[in-house]
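I have a structure I would like to understand better, so I am pasting it below and will then ask my questions one at a time.
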Amino acid sequence: LSLPPQFSGLLGTVYRRGNLTFTRDGSALISPVGNRISLFDLKNNKCETLPLATRLNIVCVGLSPDGTLAILIDEEGAALLVSLIGKCVIHRFYFHKPVHSVSFSPDGKKFVITKDNIALMYHAPGKKREFNAFVLDKTYYGPYDETTCIDWTDDSKCFAIGSKDMSTWVFGAERWANLIYYSLGGHKDVIVACFFEENSLDLYTISQDAALCVWQCDTELDGLKPMPPKDAAKGKNAAENDEDFLEETKGEEIHGKANPNEKETRNKVKYSRVAKYFFNKEGDFNNLTSAAYHKKTHLLVTGFASGIFHLHELPDFNLIHSLSISDHRIASISINCTGDWIAFGCSGLGQLLVWEWQSESYVLKQQGHYNSMVSLAYSPDGQYIVTGGEDGKVKVWNTLSSFCFVTFTEHNSGVTAVTFTSNGYVILSASLDGTVRAFDLHRYRNFRTFTSPRPSQFSCLAVDSSGEIVSAGSQDSFEIFIWSMQSGRLLDVLSGHEGPISSLSFNPMKCVLASASWDKTVKLWDMLDSWRTKETLILNSDVLVVAFRPDGQELAVAALNGQITFWDHENAVQTGSIEGRHDLQMGRKELDKITAKQAAKGKSFTTLCYSADGQSILAGGLSKFVCIYNVKEQILMKKFEISCNFSLDAMEEYLDRRKMTEFGSMALIDEGAGDEDGVAIPLPGVKRGDMSYRHFKPEIRVTCLRFSPTGRSWAATTTEGLLIYSLDSGLIFDPFELDIDVTPSNIHKTLRQKEYTMAIIMAFKLNE
């Protein structure tokens, strides 16, 4: 661990909230996962999470037309300008208010963001060398309520924005003589999306009550006339006079009026509504939540709150097909550039789907454990990771591609522990539903179910090094159950503990089982001596977790008082201890009455894990830090900060004074009441909304840590998802039967000589 491991990937969360975006070539998808973004390469079946993070959850992502830059904006309006080539942050900017959407112009020279009831147009960075990346060009006023969506015409001359006041506004990106602004009504609910027709000013607007209006314009795009020079100069001078005293250049302001008088509308562009269509004619009234339009194929995709989506062909509004893909609200839709693939994101369940509509098949179908991953285990070769969650699912992830390739849903309650057997083909999981299940990775089926005579909730699990003996500890009967893997029969019930069993661990080298309990003891059971208790180690506090060193010579024990103690279990002697409570560095939750320092006195490590060489130990608990200790020296080597996402609770050590009022914390008041994902407050004066609407802030915690058997990486299950930290970041060079003469230059040489078979065999050998 001389070189600190780098953050290498986030698995287990595929979509949190925000808008999905396809890359320019249409083969990869960018998805916001909390405060990071993941890039799903659909052609090569790989996924990577970029090593950069915003301060809060990402709400909108804007991609430049050439596909090199992205703008990420979080919940408070802080923006990052990111290079997708170098995968680094180029510039930071703060918009001061929550931003609803961001969109680059098709020529890549400008971008527009919508916040409050205005739209701001900025010069896009990267076109010319400048000192400040975000230079404000124009501010557009017009709507009375918050603006929701943006769409540009193909030649970047105009853009349209939709608003919550049920109006849509068309603005000129330049001051055109016949189009400065135009306001369109016609809807009875919030505008969800607006789209221009290809190479035209004709417009489609879609509102939340599932209505579509088709607007026809009397002017072509070529018919937009530039302002006569004297009028333009007059407007400029007025703007320049104000700017003499201002530090920040304000740019030009354009104020739109909802009902301009006749003199102002003379010789201007006019719109007329040609048609109005309604989705859901059967009367299953349902909120429309998202929409996307592909201009070349005239394909409109709309998603609804019930998880249904429709495909229509415009302008005739012919239904192609409609399907239900989820039982939660579809939060975001995106279509790739060819119009073949449609991506859907459901934030309620954390689902991400890519659907090929012509063949009616899935290109990608991924879902994480939403917010509740509890345990993990590496396979013996380090290729796979299995995770168990409070949702009762057991998922297996491929560490190279970062995709989940199988999900087992047999458990009826939360999974508390998972593990691989030593051959790597069997997964065991223990659950609160009173079963331990064995899954086979060849046929993907549940081939054994182990139960206890009286139903009891299993809290921990261990399997011996041969994979023959399965043991699980119970929360409520304080017993340990032993089963045979071959026959599935219960072999023995070990009683002796006087409190719930918190952790089990088999010695990798000997047939000894260590069990930890809340009765302040660790018992060692000898399997060969008919499970007689060999030793009982007495501690001063409730024991939470035990772990054997990989060579089986040492036992680490973490207790409730924050101590990690090391034992020579052969002689029942304590060899060392680490006082780790202060290294955990607790955060203070928003509604905590006591400070973080006081709260830390009752906190401790809840998960332990030795490194592959046994020289250091990883420890984590209810905080955002993972500590690595050197066992021999008993010192802290490094602390990893798992997350910097302030959308999670207990991230800060001190509470923000600005959030405290004379009536208590602002966190008690539900923000964004009545929004699509907010809380509807039924009566005036009621502080809390309907209690059945859950509006919660998940707390940051590390539930399980495991070191890879290869010794090159370690993984942690956290509130954010499954995080992997590894020493090998980037490309893994994995050649096959390599000779001295197999080099890239020789492969190019054989290609030039047109010996194609030879060249492809050499390329395979280089695995490149």
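The values are calculated or read from the model by the stated rules, or taken from the named source; none is laboratory data. On a predicted model such as this, the values are computed, not experimentally measured, just so you know. Note that each Cβ is placed from the backbone with ideal geometry, even for glycine, and that neighbours are counted across all protein chains shown. Just so you know, the surface numbers come from the protein's heavy atoms only, side chains and all, with ligands and any DNA or RNA stripped out. Shrake-Rupley method; radii C 1.70, N 1.55, O 1.52, S 1.80 Å.
Among residues belonging to region 406-441 that are in contact with an Asp or Glu (Cβ under 7 Å, 6 or more places away or on another chain) and of a type outside the set (Gly, Ala, Ser), point out the one that is most open to solvent (accessible area, probe 1.4 Å).
Within region 406-441, the match that is most open to solvent (accessible area, probe 1.4 Å) is Asn412.
Does Asp165 satisfy the criteria of being open to solvent by 30 Å² or more (accessible area, probe 1.4 Å) and at pLDDT 90 or above?
It is true that Asp165 is open to solvent by 30 Å² or more (accessible area, probe 1.4 Å) and at pLDDT 90 or above.
Sticking with this one: Can you name the strands (runs of 3 or more DSSP E) wholly within region 298-361 that have at least 2 residues being without any contact (Cβ under 8 Å) to a residue 24 or more places away in the chain and more than 20 Å from the chain's Cα centre (by Cα)?
Of the strands (runs of 3 or more DSSP E) lying wholly inside region 298-361, those with at least 2 residues that are without any contact (Cβ under 8 Å) to a residue 24 or more places away in the chain and more than 20 Å from the chain's Cα centre (by Cα) span 308-313, 318-324.
Would you mind stating whether Glu554 is outside the structural domain of Ile617 (by the TED database), acidic (Asp, Glu), open to solvent by less than 50 Å² (accessible area, probe 1.4 Å) and in contact (Cβ under 8 Å) with a residue 12 or more places away in the chain? Let's see the steps before the verdict.
Details: outside the structural domain of Ile617 (by the TED database): yes; acidic (Asp, Glu): yes; open to solvent by less than 50 Å² (accessible area, probe 1.4 Å): yes; in contact (Cβ under 8 Å) with a residue 12 or more places away in the chain: yes.
Yes: the conditions hold for Glu554.
So that you can scan it fast, the table gives a plain yes or no per residue for (1) open to solvent by 10 Å² or more (accessible area, probe 1.4 Å); (2) at pLDDT 90 or above:
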| site | (1), (2) |
| --- | --- |
| Leu584 | no, no |
| Lys601 | yes, no |
| Ala619 | no, yes |
| Val626 | no, yes |
| Arg657 | yes, no |
| Glu662 | yes, no |
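Check Leu683, Leu738 and return the single one that is surrounded by 10 or more Cβ atoms within 10 Å (Cβ to Cβ) and either assigned to a loop (DSSP other than H, G, I, E, B) or modelled with pLDDT of 80 or more (or both).
Values: Leu683 fails: surrounded by 10 or more Cβ atoms within 10 Å (Cβ to Cβ).
Going through Leu683, Leu738 in turn, just one is surrounded by 10 or more Cβ atoms within 10 Å (Cβ to Cβ) and either assigned to a loop (DSSP other than H, G, I, E, B) or modelled with pLDDT of 80 or more (or both): Leu738.
Now for a separate question. Enumerate the pairs (first residue in region 158-170 and in a loop (DSSP other than H, G, I, E, B); second residue anywhere and of a type in the set (Asp, Glu)) with beta-carbon separation below 7 Å, excluding pairs fewer than 6 apart on the same chain, so at least 6 apart or on different chains.
Qualifying pairs under 7 Å: Lys164/Asp145; Lys164/Glu146; Asp165/Asp145; Met166/Asp189.
Looking at region 702-715, I want the residues that are in the same structural domain as Ala650 (by the TED database) and under 16 Å from Leu10 (Cβ atoms) and have a partner that is open to solvent by 30 Å² or more (accessible area, probe 1.4 Å) and hydroxyl-bearing (Ser, Thr, Tyr) with Cβ atoms under 7 Å, at least 6 apart or on another chain. Which pairs are those?
Ser713/Ser8
Of (1) part of a loop (DSSP other than H, G, I, E, B); (2) modelled with pLDDT of 90 or more; (3) within 24 Å of Phe111 (Cβ to Cβ), Glu174 satisfies all except one. Which?
Only one criterion is unmet by Glu174, namely (2).
Then there's this: Suppose we filter Pro508, Pro500 for residues that are over 26 Å from Ser616 (Cβ atoms) and of a type outside the set (A, V, I, L, M); which single one remains?
Unique residue meeting the criteria: Pro500.
Name the pairs whose Cβ atoms lie under 9 Å apart, with the first residue in region 208-231 and aromatic (Phe, Trp, Tyr), the second open to solvent by 20 Å² or more (accessible area, probe 1.4 Å) and outside any helix (DSSP H, G or I), and 6 or more positions between them or separate chains?
Trp215/Gly186; Trp215/Asp202; Trp215/Tyr271; Trp215/Ser272; Trp215/Arg273; Trp215/Val274
Can you name the residue in region 3-22 that is closer than 25 Å to Cys704 by Cα and of a type in the set (S, T, N, Q) and is also most open to solvent (accessible area, probe 1.4 Å) among such residues?
Checked region 3-22; the qualifying residue most open to solvent (accessible area, probe 1.4 Å) is Gln6.
Do we have Trp567 as under 22 Å from Ser465 (Cβ atoms), surrounded by fewer than 20 Cβ atoms within 10 Å (Cβ to Cβ), in contact with a Leu (Cβ under 7 Å, 6 or more places away or on another chain) and not assigned by the TED database to the domain that holds Gly614 here?
For Trp567, the condition - under 22 Å from Ser465 (Cβ atoms), surrounded by fewer than 20 Cβ atoms within 10 Å (Cβ to Cβ), in contact with a Leu (Cβ under 7 Å, 6 or more places away or on another chain) and not assigned by the TED database to the domain that holds Gly614 - is not met.
OK, next. Do any strands (runs of 3 or more DSSP E) lying entirely in region 544-636 carry at least 3 residues that are polar (S, T, N, Q), and which ones are they?
573-579
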